[in-house]
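Notes follow once the structure below has been shown.
The values are calculated or read from the model by the stated rules, or taken from the named source; none is laboratory data. Predicted, not measured: the structure shown is a model, and the values here were computed from it. Backbone-built Cβ (ideal geometry, glycine too); neighbour counts: all protein chains shown. Calculation scope for accessible area: heavy atoms of the full protein, side chains included, ligands and nucleic acids excluded. Shrake-Rupley method; radii C 1.70, N 1.55, O 1.52, S 1.80 Å.
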Amino acid sequence: MKLFLDTAEIGEIRTIASWGVLDGVTTNPTLFAKTSGMTYDEVLKEICTITDGPVSAEVVADDVEGMLKEGRHFAKLADNIVVKVPMSETGLQAISRFAAEGIRTNCTLIFTANQGLLAAKAGASLLSPFVGRLDDINEEGMIVIRELSDIIRFHEIDSEVLSASIRHPRHVTESALAGAHIATIPFKVFQQMVHHPLTDKGIAQFRSDWDTARKALEARGKKKG
Ligand code: E4P
């Protein structure tokens, strides 16, 4: 199971990389809009200096030639760029053309297993079903992760299921259990995954007991190890 960070914030990427758990990064226009002072190209190049895992760069054109132009440009920025293309009739055409050129793609905005199957057939390396947005409309996002992961493994298709639109730590656990190859996780959810009240309480208790023991020894004129 690979863990990607879902952000365009350089500081967040450096932090998760420093934990030794970062396998890649996904960006999108909304995430880029939250950053300031750098162009999208500059942000992407900087991210690719932090991780050599796949870094998704999303096209915004809605015609095939426009998608190809943007994607070819992104692919030249660094070897680990993956071009993110939305699920649509034109998106599928662009994905198949990119595949023929050897450019890896991440098909985004997938909401059904059939959309994922089409993207895989067109040649997408990564398939991104949006779990949280399905849950938001009273559907079961995890069903799509499970169905698509089963299809990919059953038919030995050479694409990976990337669980996206993750909203909380349970989404990560459930994606792993449902067979997703990758989950792309917001920074806040990574932090939530680290912490547990009993862990934090336990650390504070051990620290406090250690200090108490050390002070007691010091009071008796000895030093603890
Ligand atoms: C990642 O590739 C997606 O763009 C992202 O996970 C979407 O998340 P959201 O539904 O929280 O915007």
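When a 1.4 Å probe is rolled over the protein heavy atoms, the share of accessible surface on region 82-189 that falls to carbon and sulfur comes to 52 percent. Helix 141-154 and the longest principal axis of the Cα set of the chain meet at an angle near 70°.
Under a model in which nothing but the beta-carbon of Lys, Arg (+1) and Asp, Glu (-1) is charged, the chain shows a dipole of about 1440 debye around its Cα centre.
At q = 0.13, 0.16, 0.19 Å⁻¹ the log10 of I(q)/I(0) for region 2-194 amounts to -0.62, -0.97, -1.36, computed by Debye summation with a single uniform scatterer per C-alpha, solvent ignored. Leaving out ligands, DNA and RNA, what percent of the accessible area of region 1-75 is carbon and sulfur, probe 1.4 Å? Ligands and nucleic acids excluded, carbon and sulfur give 50 percent.
Using the Karplus relation 6.51 cos²θ - 1.76 cosθ + 1.60 with θ = phi - 60°, the per-residue 3J(HN,Hα) values for region 192-207 come to 4, 5, 6, 8, 9, x, 6, 5, 4, 5, x, 4, 5, 5, 4, 4 Hz, with x marking Gly and Pro. Annotation for region 180-204 versus region 1-64: alpha-carbon center distance of 20 Å. Cross-link pairs exceeding 20 Å in C-alpha to C-alpha distance, out of LYS2/LYS84; LYS34/LYS188; LYS45/LYS188, comprise LYS45/LYS188. At a probe radius of 1.4 angstrom, the accessible area of region 1-142 per residue rounds to 46 square angstrom. Put a dot 7 Å past the Cα of THR112, heading toward its Cβ, do the same for LYS45, and the two dots end up 4.2 nm apart.
Once the gyration tensor of the Cα atoms in region 93-225 is diagonalised, the equivalent ellipsoid follows with semi-axes of 48, 16, 12 Å, ordered largest first.
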